[in-house]
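Taking it in order: structure first as structure tokens, then the write-up.
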Amino acid sequence: MFKFYRVAGTAGAIVTCPLEVVKTRLQSSSSGFYPPPVNKELTSGHVTCKSFPKPEQRRRLCTGGYTRHALIALSHFGASSTPGGTPHSHSAPSVYQCIRYIVQNEGTRALFKGLGPNLVGVAPSRAIYFCAYSKSKIAFNTIFAPDTALVHVFSAFCAGFVACTLTNPIWFVKTRLQLDHRTNKITAMECVQRIYRQSGILGFYKGIIASYVGISETVIHFVIYEAVKATLAAYKTNGADDRKSLRDFLEFMAAGSFSKTIASTIAYPHEVARTRLREEGTKYQTFWQTLKIVHAEEGLHGLYRGLTTHLIRQIPNTAIIMATYEAVVYLLSRHFHERSLSSLANSGETKFYAEPKGKRELA
């Protein structure tokens, strides 16, 4: 089972890695896809002593801190902007435009930044999560009414908490690698050493609060998924026959996609906050402070940057994972059930042949 998850997870991670890089860049404060945010005074059209860029702003602009958009940022100083507009009021670039931008400026290999940690963490993360979810579900079924929404909520929360705590360092390194805009990319080990030198062990847990808040997404996802699955099961007409068909697994995929879309949309701001907290050398310190700053500077749109890319990557992945999970559980349960029936049949068969033999001997 673990090997199956590893193969499926590895293939999914490789295929969706470019989308993961684009999503992470869009969530960050220095993606390169947007002009950098500037003070409202700088776009008011009135040139005052405050309208000139500060020394640190000039330094970032002149040294290429904002790649490709440095000229755009310079042209905004003291220039008029659209009435009522904000530094981020322009339309978001498409996924294709983001991918093309990365390839042109950093090369094709940049689309696979962070793939190493992703491959290392995806299989253990899924295995830990589903194992914890199954064990928690069994435990909570003995405490609450079995297979109710309350059981699913607590089970999903416990599973998410365990998985986040154990795997957060892996995802932290992955995010740092994906946010690295340099063409001469650093290795995962160099990134680990750099984080450890700067912040120690605790440095690998920056953004962990956002990850804990993100458990709500998984909770919502599983509650909706279990409810949809139960509704579909209620319409079955096969009576006591528990065999699954291709249609059943397609329904599992549809239920997983539907529930994940709703859950991701509701809980998405935590993803933006987590990425910003994992950035190097930024003003973001705590989860709620990050949400407040992003909303104040970029509006509600800023809290949902990269959502489309996230859904494009996550929904098919979730559909496959849920169908795979249900298939593995079904096959294992059928296997052990058939083995038990076979053992009972064999024991009965032995008695059947033994009895006539005894009668023949008596005759």
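Laboratory data are not the source of any read-out in this text; all were calculated from the coordinates shown. Fair warning: this is a prediction, and the values are worked out from it, not measured in the lab. Cβ atoms come from the backbone with ideal geometry, glycine included; neighbour counts cover every protein chain shown.
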Here the gain from full extension of residue 247 to residue 97, 0.36 nm per residue of separation minus their alpha-carbon distance, amounts to 50.3 nm
If 235, 268, 196 are placed from fewest to most neighbouring beta carbons inside 10 Å, the sequence is 235, 196, 268
So the FRET efficiency between residue 104 and residue 187, C-beta based with R0 = 22 Å and rounded to 0.05, is 0.40
